[in-house]
Amino acid sequence: MTIQELVKFCEEHNIPLTTNIAIRCKDDYLITDDKLYIDKPYFGNCSDGRKWVHDNITLDENGYTDEVKIPEFLILKTED
């Protein structure tokens, strides 16, 4: 998939170009549109993602990350 195709995919699915992107991957794979979808990311193994959550998402009344406030991301899934 080219960047132009990715932009076209976003336009066709009303995904704003300001949407964050997360990659679910294990190796190098070619991105195809059947591997793109909107979902909430899980950053359990990603220190940059955990930092993003820490910097951008408030805590709930119990002091935990308010999971409800995590926005949906455009997920690029590379695993089969």
Taking only Cα atoms, what is the 0 to 90° angle, nearest 10, from helix 3-12's long axis to the longest principal axis of the chain?
70 degrees
Expected 222 nm ellipticity per residue - DSSP helices of 4 or more, -39500 (n - 2.57), all of the chain, to 500:
-7500 deg cm²/dmol
Applying 1/(1 + (r/R0)^6) with R0 = 25 Å to the Cβ-Cβ distance of residue 17 and residue 78, what FRET efficiency is obtained, to the nearest 0.05?
0.75
Normalising by the residue count of the chain, find the relative contact order in percent from Cα pairs under 8 Å and 6+ residues apart.
45 percent
Which of [x] 17.8, 60; [y] 13.2, 35; [z] 14.1, 43 gives Rg and Dmax of the Cα atoms in Å as computed here? It is [z]
Using only the alpha-carbon atoms, how far is helix 47-56 inclined from the longest principal axis of the chain? Give it as 0 to 90 degrees, nearest 10.
60 degrees
Using the Cα centre of the chain as origin and beta-carbon charges of +1 (Lys, Arg) and -1 (Asp, Glu), tell me which of 78, 63, 16 is placed farthest towards the positive end of the dipole.
63
For labels at residue 4 and residue 26 in the simple 7 Å Cα→Cβ model, what's the distance in nm?
3.4 nm
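Charges at C-beta only: +1 for Lys and Arg, -1 for Asp and Glu. How large is the resulting dipole of the chain about its Cα centre, in Debye rounded to 20?
Roughly 160 debye for the chain.
Each reported figure results from applying straightforward, stated rules to the coordinates on display, with no laboratory input. All of these numbers come straight from a predicted model, not from anything done at the bench. Please note: Cβ atoms are built from the backbone with ideal geometry, for glycine as well, and neighbour counts cover all protein chains shown.
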